[in-house]
Amino acid sequence: MPKSELSIVRVHNELLGTYGDRGNSDVLAFRAQARGISADVVDISYRDALPTTGDIYLLGGAEDAAQVLSTDALNRSLFAATIENGAVLLAICAGFQIIGTSYYAQGNRVDGIGLLDMETLPGDRRYVGDIKIHSPWCESDITGFENHGGKTILGRDISPFGEVITGFGNGESGVDGAVVGNIFGTYLHGPILARNPEFADLLLARAVGKALEPFDDELAKRYASERRKAVR
Amino acid sequence: MSSIRLRFALIVASTAGIISRTLLRRPGETLPGRLLLLIAPDALKQLSKNRRIILVSGTNGKTSTTREIATLLRPLGRIATSPSGSNLTRGSATAMMKRSALAVLEVDELHLPEVVAATNPEYVLLLNLTRDQLHRMHEVKRVADRWRSMVESAPTTEFIGDIDDPFINYVLQGAHKLTTISFGGRAHQDGAVCPQCGRYMEWSAGNYSSDCGLTNSGADITLSAGNASYRNSELARVVAKKFGIDDVPSTDLHLMERRVSKKFGAVNASFRLTKNPASWSEALAGLRSNRITLILNAREVDGIDTSWIWDISFAALAGKEVVVTGERGIDLAYRLHVEGVKAVLVTTFDEAIAYFAEGEIEVLAAYTAFHGLVM
C-alpha cells in the first residue's frame, strides 16, 4: 500500500553536515509536499535514539573525528537492521564510507557499520572538484561536487551508482558510489538532490512505493540542466 | 642574503608598484611583493627585523579588524598595513616595504604559518575559524592543526584569541604566551566535536565544555555578547591596550561592518561582503532594507563549491523584495525557492539595478562580486 506520509530522518547532521548536506532532506520534503505527500524532516542528533520507523535516512559528509563519532553511535543503534528492512538510505561522502566494512580517519583504519561489502582506503591524493556521472538509475547525467581523500573498493556483488564522466568518484576506478536495493551511496554532494531532481524523485518513489505524479518545477529543471552543461 | 640583493629587490618592486598604480591604475598591492619575494626570497624576514609586528587572521573580519587596529595605533606613528585585503604572503611583503616601526597585517589562514615564521610577530590576533572555501581549506580542523603547530613553534609571540570559537581555543592551548577572550559564548557550526580530543562536545547556551578540559569559561578577559562587528572592534581594543592605547572613543560599528555604498544611476546600493555561512548569517541578521540583491559567484576565492548555501537560513528575507544574481545566482535562487522565500533571478547586476530602478538597496555580495563592483 503506497504511503501518503513520509518521515525523512536526517542522521547526526551536527556531525555529518559539512557540505550543505541538510539541503538533501529539505529538497526531498519540498518535492514530496509538491505532490501532496506530507513529509516531515526529523533531526536525530548523536545523543538521540535513532528511530526505526523512518522512510528515508540520510547520512552526509563529515570531517574525520565527526565521522568516527557518528559510526560509533550508528553501531550502537538499530540503524543497520532498519535499512536492511527496506528503508531508503542516501549516504554521501563520509556517510558513504561509514556504511562499508572499513575506512580511514586521521590515518587509522576504522570499522564501518558493514551495511555494504566495500572498503575505503586512503586515496593517492585528495579528490576535489566538480563531478559528473551517468547512472543507470537516472536518465539525465548527475552532477555534484566531491571533496574527499578516500578511494572506495566495491565488493564483487555491488553495483556502482554510476560511471564517472568527469571527476573521480570512488577513486581512480572510473565509477562512483554503490547501490544495493534501497541503499544509495555516492561521493557527490552539492547537495546532490538539489542539483538532480530526477534522483530526488527516485528516492521518494522508492519510499512511497509507487511512481510519483509529475512535478514541473521549472527552476529545478533549469538548475539541473545548467549544472550538467557547466560540468564537462 | 646580502643587503645588496634586498636593496635591488626593493628598487625593482617599488618601481613595479609605481607603474602598476600610475600606468595600469591597479591597487599595486600584490605585484611588488611578488617581485620582491622572487628576487629576494627572505625579503619578508629581512624587512621584519627590529619592527613591532601584529598579524590578524581568521575566517571572517580580518580586513575590518586590521584597519581598526591600525586606526587605534595611529598615535604611535607610521604604520605599515595591508589596506584592501591583500592578505597572501606577497601582500604582506608589499605592505612591509613601507618604512615604519609598526606593522599591522591581515594574513590569509593558510599563509599565516609562513608569515609568522618569516616576521616573528610580537602579537597575533586570531578571530575565528569557521567553514570557508572547503575546496582549498578541506577541513576546519586541518587549518586549526596547522595553526596549532605554528603557535607551538613561536615562543616569543603572544597569541590573542576569541576562545568562544573552540578551534581558536584549541590552537591557543599550544601557545607559549597568550591572552584569551570570551564574549560569553556562541554556537559554532563545526563545534559538535572537540578539536582537541575528538569526543562529542557538550554545549549549553553557546558555551562548551569538553571531556579533555577544553572550555570557553575562565578566559583572561570576559566581555559582553554582541554581533561580529562589535566583537572584532573589542578584539582590536585588546590589541591596542597591549601598546598602551586605552580610553579611545567607542568605534562606529557601522564602519566595522565594512559596508560600502555606491551609486548606480538612481540606485544607491549599500554593499556587504558575504562569503561563507558565518558571514552570510551575520549580514542577514543585520539587514536594514527591504530591497535586497544577493550575488553568488564561485570563482577560486569565492569557493568553487556552493553547497554551503544550504547551511544558511534565509528566513530573514521572507516578505522582502529580493533579486538574486551572480555567476551562480541560480544555485541561490533554487535554495531560496526550497525555503519558500520569493526571489527574482536575473543574469547580471545591471539587470538587478534596472529592476529596482531607484532608491536605496542593500547588496550581499560574494567576494569577487564585492571586489569587482565596489573596490
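The values are calculated or read from the model by the stated rules, or taken from the named source; none is laboratory data. Model, not experiment: these values are computed from the prediction. Neighbour counts are summed over all protein chains in view; Cβ atoms, including those assigned to glycine, are modelled from backbone coordinates with ideal geometry. For accessibility, only protein heavy atoms count, side chains too; no ligands or nucleic acids. Shrake-Rupley method; radii C 1.70, N 1.55, O 1.52, S 1.80 Å.
For (1) surrounded by fewer than 22 Cβ atoms within 10 Å (Cβ to Cβ); (2) closer than 16 Å to A:Ala94 by Cα, each residue gets a yes or a no:
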position: A:Glu146; (1), (2): no, yes
position: A:Thr166; (1), (2): yes, no
position: A:Gly169; (1), (2): no, yes
position: A:Leu193; (1), (2): no, no
position: A:Asn196; (1), (2): no, no
position: A:Phe199; (1), (2): no, no
position: A:Leu204; (1), (2): no, no
position: A:Ala211; (1), (2): yes, no
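Got a sec? Which helices (runs of 4 or more DSSP H) wholly within the stretch B:134-253 have at least 1 residues that are within 14 Å of chain A (Cβ to nearest Cβ)?
It comes to B:134-137, B:140-152, B:166-172.
Checking A:Thr52 against (1) open to solvent by less than 30 Å² (accessible area, probe 1.4 Å); (2) closer than 30 Å to B:Gly198 by Cβ; (3) more than 14 Å from chain B (Cβ to nearest Cβ): exactly one of these is not met. Which one?
Unmet condition: (1).
Find the strands (runs of 3 or more DSSP E) located wholly in the stretch B:260-375 whose residues include 1 or more that are at pLDDT 95 or above and within 24 Å of A:Thr143 (Cα to Cα), and list them. Outline the logic, then answer.
Numbers: elements: B:260-264, B:267-273, B:291-295, B:321-325, B:359-365.
It comes to B:291-295, B:321-325.
Which one of these is away from every other protein chain (no Cβ under 14 Å) and hydrophobic (A, V, I, L, M, F, W, C): A:Ile192, A:Ile165? Lay out the reasoning, then the answer.
On the way: A:Ile192 fails: away from every other protein chain (no Cβ under 14 Å).
Exactly one of A:Ile192, A:Ile165 is away from every other protein chain (no Cβ under 14 Å) and hydrophobic (A, V, I, L, M, F, W, C), namely A:Ile165.
Examine the stretch B:123-131 for a residue that is out of contact with any His (no Cβ under 8 Å at 6 or more places or on another chain), within 14 Å of chain A (Cβ to nearest Cβ) and surrounded by fewer than 19 Cβ atoms within 10 Å (Cβ to Cβ), and state whether such a residue exists. Walk me through it before giving the result.
Quick first cut of the stretch B:123-131, residues out of contact with any His (no Cβ under 8 Å at 6 or more places or on another chain) only: B:123-129, B:131.
Next, from what is left, pick out any that are within 14 Å of chain A (Cβ to nearest Cβ): B:129, B:131.
Cutting the leftovers down to surrounded by fewer than 19 Cβ atoms within 10 Å (Cβ to Cβ) gives us none.
No.
Before we move on, is B:Val260 surrounded by fewer than 22 Cβ atoms within 10 Å (Cβ to Cβ), within 24 Å of A:Gly17 (Cα to Cα), away from every other protein chain (no Cβ under 14 Å) and β-branched (Val, Ile, Thr)?
Criteria not met by B:Val260.
Can you name every residue in the stretch A:177-191 that is open to solvent by less than 10 Å² (accessible area, probe 1.4 Å) and not in a strand (DSSP E or B)?
Answer for the stretch A:177-191, where residues must be open to solvent by less than 10 Å² (accessible area, probe 1.4 Å) and not in a strand (DSSP E or B): A:Gly177, A:Tyr187, A:Leu188, A:Gly190, A:Pro191.
Is at least one residue of the stretch B:351-371 farther than 30 Å from A:Gly61 by Cβ and within 14 Å of another protein chain (Cβ to nearest Cβ)? I'd like the intermediate steps shown before the answer.
First, pick out the residues of the stretch B:351-371 that are farther than 30 Å from A:Gly61 by Cβ: B:351-363.
Right, trim to within 14 Å of another protein chain (Cβ to nearest Cβ) and you get none.
No, the conditions are met nowhere in the stretch B:351-371.
Would you be able to tell me the number of residues in the stretch B:177-191 that are without any contact (Cβ under 8 Å) to a residue 24 or more places away in the chain and touching a Ser or Thr at 6+ places or on another chain (Cβ under 8 Å)?
Residues in the stretch B:177-191 being without any contact (Cβ under 8 Å) to a residue 24 or more places away in the chain and touching a Ser or Thr at 6+ places or on another chain (Cβ under 8 Å): 1 in total.
Between residues in the stretch B:7-31 that are without any contact (Cβ under 8 Å) to a residue 24 or more places away in the chain and residues that are outside any helix (DSSP H, G or I), which pairs lie under 6 Å by C-beta distance while being six or more apart or on different chains?
Partner pairs satisfying both residue conditions: B:Ser20/B:Arg26; B:Ser20/B:Gly28; B:Arg21/B:Gly28.
Among the candidates B:Asn50, B:Asn60, which residue alone is closer than 23 Å to B:Thr156 by Cα, outside the structural domain of B:Ala278 (by TED's automatic domain parsing) and open to solvent by 20 Å² or more (accessible area, probe 1.4 Å)?
Numbers: B:Asn60 fails: closer than 23 Å to B:Thr156 by Cα.
That would be B:Asn50, the only listed residue that is closer than 23 Å to B:Thr156 by Cα, outside the structural domain of B:Ala278 (by TED's automatic domain parsing) and open to solvent by 20 Å² or more (accessible area, probe 1.4 Å).
With hydrophobic (A, V, I, L, M, F, W, C) and either within 14 Å of another protein chain (Cβ to nearest Cβ) or under 16 Å from the mean Cα position of the chain (by Cα) (or both) as the only criterion, which of A:Ala81, A:Ala34 stands out?
On the way: A:Ala81 fails: either within 14 Å of another protein chain (Cβ to nearest Cβ) or under 16 Å from the mean Cα position of the chain (by Cα) (or both).
Just one listed residue meets the conditions, A:Ala34.
Could you figure out which of (1) within 13 Å of another protein chain (Cβ to nearest Cβ); (2) within 28 Å of the chain's Cα centre (by Cα) isn't true of B:Thr347?
Here B:Thr347 meets the rest and fails (2).
Just checking, which of A:Gly23, A:Gly61 is in a helix (DSSP H, G or I), crowded, with 22+ Cβ neighbours inside 10 Å and within 12 Å of another protein chain (Cβ to nearest Cβ)?
Details: A:Gly61 fails: in a helix (DSSP H, G or I).
Unique residue meeting the criteria: A:Gly23.
Which is among the hydrophobic types (A, V, I, L, M, F, W, C) and farther than 30 Å from A:Asp130 by Cα, of B:Met137, B:Met150? Spell out the reasoning first.
On the way: B:Met137 fails: farther than 30 Å from A:Asp130 by Cα.
Answer to the check: B:Met150.
Determine which member of the set A:Glu172, A:Glu146 is closer than 26 Å to A:Gly107 by Cα and assigned to a loop (DSSP other than H, G, I, E, B). Please lay out each step first, then the result.
Values: A:Glu146 fails: assigned to a loop (DSSP other than H, G, I, E, B).
A:Glu172 is the lone residue from the list that is closer than 26 Å to A:Gly107 by Cα and assigned to a loop (DSSP other than H, G, I, E, B).
Going residue by residue through the stretch B:364-374, is there one that turns out to be of a type outside the set (Val, Ile, Thr), more than 21 Å from B:Asn276 (Cβ to Cβ), touching a strand residue (DSSP E or B) at 6+ places or on another chain (Cβ under 9 Å) and open to solvent by 20 Å² or more (accessible area, probe 1.4 Å)?
Pass one, the stretch B:364-374, residues of a type outside the set (Val, Ile, Thr): B:364-367, B:369-373.
Applying the additional criterion that residues be more than 21 Å from B:Asn276 (Cβ to Cβ) yields none.
Within the stretch B:364-374, none of the residues are of a type outside the set (Val, Ile, Thr), more than 21 Å from B:Asn276 (Cβ to Cβ), touching a strand residue (DSSP E or B) at 6+ places or on another chain (Cβ under 9 Å) and open to solvent by 20 Å² or more (accessible area, probe 1.4 Å).
Looking at this structure, is A:Gly174 free of Cβ contacts under 8 Å to residues at least 24 places away in the same chain, at positive phi and open to solvent by less than 50 Å² (accessible area, probe 1.4 Å)? Give the derivation first.
Values: free of Cβ contacts under 8 Å to residues at least 24 places away in the same chain: yes; at positive phi: yes; open to solvent by less than 50 Å² (accessible area, probe 1.4 Å): yes.
Yes.
Of the conditions (1) surrounded by fewer than 24 Cβ atoms within 10 Å (Cβ to Cβ); (2) basic (Lys, Arg); (3) within 14 Å of chain B (Cβ to nearest Cβ), A:Arg156 satisfies every one except a single condition; which number is it?
Tallying (1) surrounded by fewer than 24 Cβ atoms within 10 Å (Cβ to Cβ); (2) basic (Lys, Arg); (3) within 14 Å of chain B (Cβ to nearest Cβ), A:Arg156 fails exactly one: (3).
With the condition kept exactly as written, say whether any residue in the stretch B:277-291 is more than 29 Å from A:Asn13 (Cα to Cα), touching a helix residue (DSSP H, G or I) at 6+ places or on another chain (Cβ under 9 Å), crowded, with 22+ Cβ neighbours inside 10 Å and not assigned by TED's automatic domain parsing to the domain that holds B:Leu110.
Filtering the stretch B:277-291 down to residues more than 29 Å from A:Asn13 (Cα to Cα) leaves B:288-291.
Of the ones still in play, those that are also touching a helix residue (DSSP H, G or I) at 6+ places or on another chain (Cβ under 9 Å) are B:291.
Filter again for crowded, with 22+ Cβ neighbours inside 10 Å, leaving none.
The answer is no; no qualifying residue exists.
How many residues are part of a helix (DSSP H, G or I) and touching a helix residue (DSSP H, G or I) at 6+ places or on another chain (Cβ under 8 Å) when one looks only at the stretch A:32-58? Quick ask: steps written out before the conclusion?
The initial filter retains those residues of the stretch A:32-58 that are part of a helix (DSSP H, G or I), namely A:32-33.
Next, from what is left, pick out any that are touching a helix residue (DSSP H, G or I) at 6+ places or on another chain (Cβ under 8 Å): A:32.
Result for the stretch A:32-58: 1.
Give the stretch B:321-336 a look and list any residue that's buried (at least 21 other Cβ atoms within 10 Å of the Cβ), of a type outside the set (A, V, I, L, M, F, W, C) and either within 10 Å of chain A (Cβ to nearest Cβ) or touching a Cys at 6+ places or on another chain (Cβ under 6 Å) (or both), or say none.
B:Arg328, B:Asp331, B:Tyr334, B:Arg335
Just to confirm my filter: which strands (runs of 3 or more DSSP E) fall fully inside the stretch A:81-141 and include at least 1 residues that are free of Cβ contacts under 8 Å to residues at least 40 places away in the same chain and more than 13 Å from A:Ile183 (Cβ to Cβ)? It would help to see each step written out before you state the result.
Working: elements: A:88-92, A:102-105, A:108-111, A:118-134.
Output list reads A:102-105, A:108-111, A:118-134.
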